[in-house]
Amino acid sequence: MRQHEPADHAEPADLDRLADRGWPALEREELGGWTLRAADGVTNRANSVLTCGEVPDVEAAIERAERWYRERGIPAVFQVSPATAPALVAALAAREYREHSQTDILVADRAEVVAAAAADTAAPISTSDTPPPGWLATWWAVDGRGGDAERDIVARILNAGAALYAWAGPAEAPDAVARLALAEDWAGLYAVATLPAARRRGLARALAVALADEAGGRGVRHLWLQVLADNAGAHALYSGLGFRPASQYAYWTAPSG
């Protein structure tokens, strides 16, 4: 990706690769221009095929991917975006894969996000290069799926790349948390979560702004995030901070049985 261009100029393939860096799988293998990713089945992104590159034989590549995931005891899942070759979509449909989790990728210029909230009455937010003791517990209470083993895998994913962490409330038991993955002059907003008792206080907005502000000292110029296409509340929140639609993707999962 060329640096110093407006965020709106980001290509879908570039955004796919940034998101891969922001939430890295624990195991990966290159398959032509695709990347096979696995993390014991914890989260779709870390357990799916990144398909923004090309392969010489789509059918053969699908079969190789299916074997790879079968060897790990998890279903084959493909992340499909505008950067994916149409031949793959047709092949997955013919194999009766199920499309789900349609997700929008939004982008913004970092300075615009900070400026958009300049008049806010800011909630007290703390930031750090590492998560405080209660950060993961708060995120897991809101968005976690599974038990201690799955939570440990998420902790390893979080620790696999450079990031900034933000939280509202005491470090031992935050009311709300968020993470900003760092990737040169880009950064991705992940794991925004607010406990039910602390909602409707503007904490998610305050977390995003605090991270955007802190990232300015790390050379970050642009931000990205992913939000489910049908999450109207999240779209309204991020639109108010200057985020704009730039791409989208969905997951295609192999039929069971």
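The values are calculated or read from the model by the stated rules, or taken from the named source; none is laboratory data. Computed from a predicted structure; not experimentally measured. Neighbour counts are summed over all protein chains in view; Cβ atoms, including those assigned to glycine, are modelled from backbone coordinates with ideal geometry. Only protein heavy atoms, including side chains, enter the accessible area calculation; ligands, DNA and RNA are left aside. Shrake-Rupley method; radii C 1.70, N 1.55, O 1.52, S 1.80 Å.
Matching residues to (1) of a type in the set (Phe, Trp, Tyr); (2) in contact (Cβ under 8 Å) with a residue 12 or more places away in the chain; (3) open to solvent by 30 Å² or more (accessible area, probe 1.4 Å):
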{"position": "Asp129", "(1), (2), (3)": "no, yes, yes"}
{"position": "Trp135", "(1), (2), (3)": "yes, yes, no"}
{"position": "Trp140", "(1), (2), (3)": "yes, yes, yes"}
{"position": "Tyr165", "(1), (2), (3)": "yes, yes, no"}
{"position": "Gly169", "(1), (2), (3)": "no, yes, yes"}
{"position": "Ala173", "(1), (2), (3)": "no, yes, yes"}
{"position": "Glu184", "(1), (2), (3)": "no, yes, yes"}
{"position": "Leu195", "(1), (2), (3)": "no, yes, yes"}
{"position": "Ala212", "(1), (2), (3)": "no, yes, no"}
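Any idea which residue in region 11-45 is surrounded by the most Cβ atoms within 10 Å (Cβ to Cβ), counting only those that are in a loop (DSSP other than H, G, I, E, B) and among the charged types (D, E, K, R)? Please lay out each step first, then the result.
To start, the set of residues in region 11-45 that are in a loop (DSSP other than H, G, I, E, B) comprises 11, 23-26, 32-33, 39-44.
Next, only the ones that are among the charged types (D, E, K, R) stay: 11, 40.
On the way: Glu11: 15, Asp40: 19.
Per the stated criteria, the residue is Asp40.
Among the strands (runs of 3 or more DSSP E) lying completely within region 143-246, list those that include at least 3 residues that are among the acidic types (Asp, Glu). So that I can check it myself, show each step before the final result.
Numbers: elements: 163-168, 176-183, 186-194, 222-228.
By residue number, no strands (runs of 3 or more DSSP E) qualify.
Can you pull out every residue in region 90-99 that is surrounded by 13 or more Cβ atoms within 10 Å (Cβ to Cβ) and over 22 Å from the mean Cα position of the chain (by Cα)?
Ala91, Leu92, Arg95, Tyr97
The conditions are (1) free of Cβ contacts under 8 Å to residues at least 12 places away in the same chain; (2) open to solvent by less than 20 Å² (accessible area, probe 1.4 Å); (3) among the polar types (S, T, N, Q), and Asn159 fails exactly one of them. Which is it?
Evaluating Asn159 over (1) free of Cβ contacts under 8 Å to residues at least 12 places away in the same chain; (2) open to solvent by less than 20 Å² (accessible area, probe 1.4 Å); (3) among the polar types (S, T, N, Q) leaves (2) as the failure.
For region 51-78, which residues satisfy the criterion of being outside any loop (DSSP other than H, G, I, E, B) and open to solvent by 10 Å² or more (accessible area, probe 1.4 Å)? If you could, list the steps in order and put the result at the bottom.
Residues of region 51-78 that are outside any loop (DSSP other than H, G, I, E, B), as a first pass: 58-71, 77-78.
Of everything in region 51-78, those that are outside any loop (DSSP other than H, G, I, E, B) and open to solvent by 10 Å² or more (accessible area, probe 1.4 Å) turn out to be Val58, Glu59, Ala60, Glu63, Arg64, Glu66, Arg67, Arg70, Glu71.
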